[in-house]
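Asker: Sharing a structure below in structure tokens format, with a few things to ask.
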Amino acid sequence: MITESNPALPDKQRIKSAIEDAVVKVKANLNRHGGDYPHIGMGRNKEYDWGSNEDWIEGFYTGLVWLCYEYNGDSFFREQAELQVNDFAARLEAKVMLDHHDIGFLYGPSAFAGWVVTGNEAFKSLTLRAADHLLGRWREAAGVIQAWGPEGDPENGGRIIIDCLMNLPLLYWAQTVTGVDSYGVIAKAHAEKARRFLVRGDDSSYHTFYFDQQNGEAIRGGTHQGFRDGSTWTRGQAWGIYGFALSYRYTREPDYLETSKRMARYFIERIPEDGVVYWDFDVPVDKDTIRDSSASAIAACGMLELLSHLEADDELLPQLQIALSRTMEGLMGAFSTLGQPEAEGLLDHGSYYVRGDLGLDGYMIWGDYYYLEALMRIWKGVPGYWYER
Ligand code: GLY
């Protein structure tokens, strides 16, 4: 168990209190907002906007509900999560806003989680249909899974983004259950391109990278949500830590473990005093610079995943354990909404798209999800919904 190997983590009673606070808030949101999903608001906003299932983020809400069900077995959560998964089935059928690669984010913590938690075969087959949809984003000539836009798009046709590493588990898993190799072959080819081109020599990362869509030749790195093209967007670095650790879990390819470790080292050497990172590692920091608590929550889960793969004598282990403790302390302290019973979100001070003035310094539903995933991993070894247990 992670907790036994890391005695510096917050004590179990505090972890339990934080989970119970989350469970109450998730239930209140479900009761208050019916079948709607939390969305990101413009500017600085301390409430979620609520709406239909049509963005890249709704799966995290369903994942939170499954985590609550796994915590206390309350059938209310199971019923609500099942209703939401039905919604995801209808969305896939009607192809509502699915012209992008974030199919793992959508169908992992919803349909796949439902399969893991309940064993419902319909959820398994929905997850496989989602994996097939993701496979449709593979561009053979470029050798990548295209992140955004239609095939042949002049700007985005050969573009990848680091976030996609978290969508690959859907494909790796599909290979294991169907025995069809192409799922895994494509996931690995994409992970390899991400490793070679998104991760830089100093272990920092590009958010995105462009390839020639006709022949796969590398063109250049760039950013979408980061501070500038060559900067390291903190959430991107966190997606990389977790994503490469998951690619290692499925493939046992040592390069992926090594890459996750390198990216983790870069991240943890830049954690501020209070434990929670700014929105970009290269942004000039003054008293008004905003954070991204969601990046820290994702990184915490990535560190927990990484710790589960390291040997007891790994030189990174002590540094990682301390960084994890500091991150959890920071998140559970000034960055959580513990003690604010009316708050809709679990974590405050997340940031979505700073340069686009979208979602600044507020609640981010994926931040809430990864925060509760980290707590549940520490509390009882429930590792979230990226692989079968
Ligand atoms: N996957 C989009 C983001 O992290 O903002």
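The values are calculated or read from the model by the stated rules, or taken from the named source; none is laboratory data. Computed from a prediction, not measured in an experiment: that's the story for all the values here. Quick reminder, even Gly has a Cβ in these numbers, built from the backbone with ideal geometry, and neighbours come from all protein chains shown. What goes into the accessible areas is simple: the full protein's heavy atoms, side chains included, and nothing from ligands, DNA or RNA. Shrake-Rupley method; radii C 1.70, N 1.55, O 1.52, S 1.80 Å.
Asker: Would you mind giving the three semi-axes, in whole Å and largest first, of the ellipsoid equivalent to the stretch 109-268 according to its Cα gyration tensor?
Answerer: After diagonalising the Cα gyration tensor, the semi-axes are 26, 19, 14 Å.
Asker: Report, in cubic angstrom per residue, the convex hull volume of the C-alpha atoms of the chain.
Answerer: Considering the Cα atoms of the chain, their hull volume per residue is 125 Å³.
Asker: Provide the convex hull volume over Cα atoms per residue for the stretch 309-389, in Å³.
Answerer: Cα convex hull per residue, to the nearest whole number: 141 Å³.
Asker: Please report the net charge: other residues with Cβ closer than 15 Å to the Cβ of Trp66, K and R +1, D and E -1.
Answerer: -3
Asker: Hey, another quick one. Ignoring ligands, DNA and RNA, what percent of the 1.4 Å accessible area of the stretch 96-237 is carbon and sulfur?
Answerer: 50 percent
Asker: What is the calculated FRET efficiency for Glu121 to Lys95, with r their C-beta to C-beta distance and R₀ = 25 Å, to the nearest 0.05?
Answerer: The computed FRET efficiency comes out at 0.65.
Asker: Obtain the nm distance between the two label points defined at Val177 and Ala218 by a simple spin-label model: each point lies 7 Å from its Cα along the Cα-to-C-beta direction.
Answerer: The answer from the label model is 3.6 nm.
Asker: In whole percent, what relative contact order does the chain give with Cα contacts below 8 Å and a gap of six or more residues?
Answerer: Value for the chain: 20 percent.
Asker: For the stretch 233-288, count all C-alpha to C-alpha pairs, find those more than 13 Å apart, and express that count as a whole percent of the total.
Answerer: 61 percent
Asker: Then there is this: For the chain, compute the number of Lys pairs whose alpha carbons are separated by less than 30 Å, excluding pairs fewer than 8 positions apart on the same chain.
Answerer: Pairs that pass both the separation and distance tests number 27.
Asker: Which of the helices in the chain meet the span-like rule: DSSP H, Cα axial reach of 18 Å or more, Kyte-Doolittle mean at least -1.0?
Answerer: 12-33, 58-72, 75-94, 121-135, 181-197, 234-251, 254-268, 293-307, 317-332, 365-380
Asker: Give the separation of the Cα centroids, the stretch 323-346 to the stretch 44-114, in Å.
Answerer: Using only Cα atoms, the two centres lie 23 Å from each other.
Asker: Rolling a 1.4 Å sphere over the protein heavy atoms, what is the accessible area per residue of the chain, to the nearest Å²?
Answerer: On a per-residue basis, the chain sits at 36 Å².
Asker: Expressed in nm to one decimal, what extension gain is obtained for the pair Glu151 and Asp49 from 0.36 nm per residue of sequence separation less their Cα-Cα distance?
Answerer: 33.6 nm
Asker: Could you give the dipole magnitude of the chain about its Cα centre, charging the beta-carbon of Lys and Arg +1 and that of Asp and Glu -1, in debye to the nearest 20?
Answerer: 380 debye
Asker: Can you give the Rg and Dmax of the stretch 99-192 based on its C-alpha atoms, in angstrom?
Answerer: When restricted to the Cα atoms of the stretch 99-192, Rg and Dmax are 13.1, 43 Å.
Asker: On to the next question. Check Tyr278: other-chain or 5+ apart residues with amide H under 5 Å from its amide H, H built from backbone geometry?
Answerer: Asp292
Asker: Rounded to the nearest 500, what is the chain's calculated 222 nm mean residue ellipticity when only DSSP H runs of at least 4 contribute -39500 (n - 2.57) each, over all residues?
Answerer: -16000 deg cm²/dmol
Asker: Between the DSSP loop rule and a limit of at most 16 other Cβ atoms within 10 Å, which trypsin sites (Lys or Arg not before Pro) in the stretch 226-312 are left?
Answerer: Here the trypsin sites (Lys or Arg not before Pro) that fit, given the DSSP loop and packing criteria, are Arg228, Arg252, Arg270, Lys287.
Asker: Work out from phi, with θ = phi - 60° and the Karplus expression 6.51 cos²θ - 1.76 cosθ + 1.60, the ³J(HN,Hα) of each residue of the stretch 273-278, listed in order in whole Hz, and give x for Gly and Pro.
Answerer: 3, 8, x, 10, 7, 6
Asker: Find the percent of Cα-Cα distances in the stretch 277-341 that exceed 14 Å, and round it to a whole number.
Answerer: Every Cα pair in the stretch 277-341 considered, those over 14 Å come to 65 percent.
Asker: How big is D, in µm² s⁻¹, for the stretch 229-380 by Stokes-Einstein at 20 °C and 1.002 mPa s if Rh is the Kirkwood radius over C-alpha pairs?
Answerer: 138 µm²/s
Asker: Using the alpha-carbon centroid of each, what span in Å lies between the stretch 367-389 and the stretch 164-230?
Answerer: Cα centroid to Cα centroid, the span is 24 Å.
Asker: Kindly provide the Kirkwood hydrodynamic radius of the stretch 1-137 in Å, to one decimal, from all pairs of distinct alpha carbon atoms.
Answerer: 16.1 Å
Asker: Let me ask something additional. Test of understanding: in a Gaussian network model of the chain with alpha carbons linked when under 10 Å, which of Leu168, Leu67, Leu320 would top the mean-square fluctuation ranking?
Answerer: Leu320
Asker: What's the FRET efficiency of Lys287 with Ala312 using the Cβ-Cβ distance as r and R₀ = 51 Å, to the nearest 0.05?
Answerer: 0.75
Asker: Considering only the other residues whose Cβ falls under 11 Å of the Cβ of Ala334, what net charge follows from Lys and Arg at +1 and Asp and Glu at -1?
Answerer: Computed value for this residue: -2.
Asker: What residues have an amide H closer than 5 Å to that of Ile145, excluding those fewer than 5 places away on the same chain, when H is modeled at 1.01 Å from N in the peptide plane?
Answerer: Amide H neighbours of Ile145, under 5 Å, 5+ apart: Arg139.
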